[in-house]
Amino acid sequence: MKSTICLLFIMFFSFGFAQDCDCASDLDFVAAKAKESPSFKSQWKSPLADQFLIAGLKEDMRNDENLALNCLYYLQTYLGAVKDNHIYIADFDKEKDYASLTPFYEGSPEDLSSNAVTTTDDPVTGIYELAGVYRVAVVKVADKYYDYAGYILESNYEDWPVGALKFTLRITGEDFSGNFYDRNHKPQRRKVDLTNGRLYPERWVKEDFAASYAANNYYIEGDTFQYKDYGNGVHYVRLGSFGGSNENYAKAMKLLETLKEKLTSGKVILDLRNNGGGGPRTSDPFLKLFKKRKKQLEFHLIQNNFVASNAEHFLIKAKNQLPLTTYGENTKGALAYGFGNYSTADLITPCNNYSLGLTSSKYERYLKYEVVGIAPDVSLSHKSDWIGQVLAKIE
């Protein structure tokens, strides 16, 4: 009898816990843990605002018929309450089938295309492309959660068929809270605005503006570390990573030895594009050499939106210590906080087993750049290759 009662108690307790274990529970977990990070401690000061945001997100969760797909988006929205581009929550479980949860356009492809017409009053609606991989129709929708939806018209992937929902845009003041479903159909919240026909800093471009983005300045051929002699006293140096692994460090130091021999005078194009950071162990030796040769050299640095973290620290130091002009577009804006010398182990949410990564170190003197990024001295056009544009300016 006692065994039966005990078993019933366990079953009842387990059932009750399962019923309570949902996206809202994960939000409570994330909110509690996030407040231990330096970015939340310094920026998130109002308990009332915190309660209001959590209550609003839980209300959205209750009404979202596709919460199994969008739960991550709501948790990412909470983390977006502070400026900290390193902090994250993600699902690294490769077994979950997000593709089966993807919504579809209710209508024919012809109707979808005919509804995606840009007007003077509505510059957002239209046909967009992403690097020749996807083509979508963005249409205005009457939905309680978002204002625009981008549905697939053409795709290079079979699991992204015509009509599948690729992203949504929700108007938040002068910009948008975007929910972009990645290659594996997982939601990724991004704050974007429509700038020169591009959902910036994402790379979705309207077809009407395609000619303005004729060159792909996010793809760089060759090794992570490169040196080229362009002649006429012009040198090219690619610093593609400041990662601290022994392999990456060895490659960086090999290039450094080459530069000690080659960079004796002239103009140097430093290509920092796509450098997601690393640590000072790898970046500082380059800066030390450049400072030593700064009277003999003139520096021209190319940056893009994928320059982040320690690479942004390097950029700021270089601007302060070298004869330097920067070109391109704003950097990522992920430099006020970090994970220290070593990333801490991910926290795992109790219900969906999401991975929560919280920052532990801070450089809050850089807070004005967080999320916004570091602006270049000279903006470059995507109509042609950026190296060619810089060469034309300096030769």
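The values are calculated or read from the model by the stated rules, or taken from the named source; none is laboratory data. Predicted model only: the values in this text are computed from it and were never measured. Quick reminder, even Gly has a Cβ in these numbers, built from the backbone with ideal geometry, and neighbours come from all protein chains shown. Keep in mind that these areas ignore ligands, DNA and RNA; they rest on the heavy atoms of the full protein, side chains included. Shrake-Rupley method; radii C 1.70, N 1.55, O 1.52, S 1.80 Å.
Within the chain, what percent of beta bridges assigned by DSSP are antiparallel, to the nearest 5?
70
So what is the accessible area of segment 254-362 per residue, in Å², with the probe set to 1.4 Å?
Values: 4480 Å² over 109 residues.
Spelled out: the 1.4 Å probe surface of segment 254-362, per residue, equals 41 Å².
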Packing rank of 159-171, 315-327, 253-265, where each peptide gets the mean count of other beta carbons within 10 Å, highest leading: 159-171, 315-327, 253-265
Prolate/oblate/rounded label for the chain (Cα gyration tensor, a/c 1.5): oblate
Area of Ser379 that stays accessible when all protein chains are in place (1.4 Å probe, Å², to 10): 90
Gap separating the Cα centres of segment 197-271 and segment 290-344, nearest whole Å: 13
Where Cα atoms sit under 30 Å apart: lysine pairs in segment 130-235 separated by 8 or more or lying on different chains: 13
In sequence order, calculated HN-Hα J values of segment 180-191 (Karplus, 6.51, -1.76, 1.60; Hz; x Gly/Pro): 9, 8, 6, 3, 9, 6, 7, x, 9, 7, 9, 8
Carbon plus sulfur fraction of accessible area for segment 243-334, probe 1.4 Å, in percent: 48
Under 5 Å, built H, 5+ apart or other chain: amide partners of Asp271: Val237, Arg238, Leu239, Ile302
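When ligands, DNA and RNA are left out and all protein chains stay put, how many square angstrom of accessible area per residue does segment 115-236 have with a 1.4 Å probe? Working shown, then result.
Working: 6030 Å² over 122 residues.
Ligands and nucleic acids excluded, the figure is 49 Å² per residue.
Strictly over 31 Å apart at the Cα level, which of Lys292/Lys383; Lys33/Lys332; Lys83/Lys317 would you flag in this model?
Working: Lys292/Lys383 36 Å; Lys33/Lys332 25 Å; Lys83/Lys317 22 Å.
Check vs 31 Å cut-off fails for Lys292/Lys383.
How big is the antiparallel share of DSSP beta bridges in segment 242-395, given as a percent to the nearest 5? Intermediate values should be presented prior to the final figure.
Working: 4 of 18 bridges.
Antiparallel bridges make up about 20 percent of those DSSP assigns within segment 242-395.
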Folded to 0 to 90 degrees: helix 67-79 orientation relative to the chain principal axis, Cα: 50
Degrees between helix 23-34 axis and first principal axis of the chain (Cα, 0 to 90, nearest 10): 40
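Suppose R0 equals 22 Å; then what is the FRET efficiency for Asp377 and Ser212 from their Cβ-Cβ distance, rounded to the nearest 0.05?
Working: r = 21 Å, r/R0 = 0.95.
That pair, Asp377 with Ser212, gives E of 0.55.
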